[in-house]
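See below for the structure under consideration.
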Amino acid sequence: MNTWKESLVQPSHSIRQTVEVIDRSALKVALVVDASSRLVGTVTDGDVRRALLKGLQLEEPVEQIMSLHPYSVKPGTSREDVLRLMKAHEIKHVPVVDDRGILRGLHTVEEFLGTPTRDNWVVLMAGGLGSRLSPLTDSCPKPMLRVGEKPILEIIVNNFVEQGFSRFFFSVNYMSDMIKQHFGDGSRLGAEINYLEEERKLGTAGSLSLLESHPELPCIVMNGDLLTKVNFNNLLDFHTEHQSCATMCVREYDFQVPYGVVNVDDYKVTEIVEKPVHRFFVNAGIYCLNPEALTHIPVNEFFDMPSLFQQLIGQEQTVCSFPIREYWLDIGRLSDFERANAEFMEVFE
């Protein structure tokens, strides 16, 4: 518990400042205390993402999103009782608070069980032509283009392995031999890699029908041309916490209308808004799917991920969005590829 003081914030601190504390601390939680060091709330990664979905801005005070009544224990509580509390309420952090409400420490699930490894499957879509990146992709599949001296796909795999994932499936088509020759069975990277051979384009969901069996746990599906620092453990936790059948990662996209927008009621002008900014959430190309979601994918037919989500929504399944606040870059154009190489050392090294 010797690093818990690095996670302290005050109620007046902004959500942005709190995010920085959460990301910087190995404990992955912010402990909100008043001027007398009394615990008044906690903030997790999930709390932040729910706030973003509600439209809150990062400059607003963190007291607006903190959990006001976190489970806590007294100093001297046995490890067995702490672990029992964690399991009963499915929580990963338990503050230690004395009789006056003053924060004295923090227990984490890693303290008892160690850093978790993930048995969840990861499916990476690596079969696209990448025609917008021609001529670079005329002789090289897009996921194998090098950023910072490594192929994009290898950077993605390394990121997952560092977070405890080891079971991968690559959906391949265009120049698949080059991908298979480079990665082999994945052992060089501390991973197990299998290949889903698309004989024709199957879309971002259709290739999942090529899996010989369905996973027992939620799986992560991701486009093979993305560079991101998303915490995939947080994604899985968010997916599970919300009992979601399918979760889509989304990014906020701002669009400014270059003109004054005129609002009218019948023929009367009611308001003129000069160059308004509209904010949307857009698909970020990363998904978390329960095993049962895969049963809705037609076998060996073209089927995109948005179609799967629309189908699940139509059946009133629980479908959630997970807002990305971390670094994210879709390498779809030459300018994106140049940007990736310019930013790589700062973001990934």
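Rule-based calculations on the coordinates, nothing more; no lab input. Computed from a predicted structure; not experimentally measured. Backbone-built Cβ (ideal geometry, glycine too); neighbour counts: all protein chains shown.
Data table
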{"quantity": "Of all DSSP beta bridges in region 4-113, antiparallel share, percent nearest 5", "calculated": "80 percent"}
{"quantity": "Projected area, mean over directions - region 52-111, Cα convex hull, nm²", "calculated": "5.5 nm²"}
{"quantity": "Between 0 and 90°, nearest 10: helix 232-241 axis offset from the chain longest Cα axis", "calculated": "70 degrees"}
{"quantity": "Separation in nanometres of the label points that stand 7 Å from Cα toward Cβ, at R279 and K201", "calculated": "3.4 nm"}
{"quantity": "Calculated FRET efficiency for the pair D34/K74, C-beta based, R₀ 22 Å, to 0.05", "calculated": "0.70"}
{"quantity": "Calculated [θ] (222 nm, deg cm²/dmol) that DSSP helices of n ≥ 4 give over the chain, each run adding -39,500 (n - 2.57)", "calculated": "-7500 deg cm²/dmol"}
{"quantity": "Most fluctuating residue given options E198, E252, E20, as computed from a GNM of the chain linking Cα atoms under 10 Å", "calculated": "E20"}
{"quantity": "Rh by Kirkwood over Cα pairs, then Stokes-Einstein D for region 4-113 at 1.306 mPa s and 10 °C, µm²/s", "calculated": "113 µm²/s"}
{"quantity": "Distance in nm between pseudo-label sites at V257 and M345 (7 Å out along the Cβ direction from Cα)", "calculated": "4.4 nm"}
{"quantity": "Contact order relative to length of region 122-348, as percent, for alpha carbon pairs under 8 angstrom and 6 or more apart", "calculated": "25 percent"}
{"quantity": "Lys/Arg +1, Asp/Glu -1 at C-beta; the chain dipole; positive extreme among I156, S187, V21", "calculated": "V21"}
{"quantity": "When region 229-276 is reduced to its Cα atoms, the Kirkwood hydrodynamic radius in Å", "calculated": "14.7 Å"}
{"quantity": "Magnitude of the charge dipole, the chain, Cβ model with Lys/Arg +1 and Asp/Glu -1, debye to 20", "calculated": "500 debye"}
{"quantity": "Theoretical FRET efficiency, 1/(1+(r/R0)^6), r = Cβ-Cβ of Q243 and V161, R0 30 Å, to 0.05", "calculated": "0.60"}
{"quantity": "E6 paired with R333, simple spin-label distance in nm, labels 7 Å along Cα-to-beta-carbon", "calculated": "3.9 nm"}
{"quantity": "Listed values [x] 37, 29, 20; [y] 37, 24, 21; [z] 35, 23, 16, entry calculated as semi-axes √(5λ) of the Cα gyration tensor in Å", "calculated": "[x]"}
{"quantity": "Cα centre as origin, Lys/Arg/Asp/Glu Cβ charges: region 88-207 dipole, Debye", "calculated": "360 debye"}
{"quantity": "Spatial separation of Cα centroids for region 187-251 and region 62-112, in angstrom", "calculated": "32 Å"}
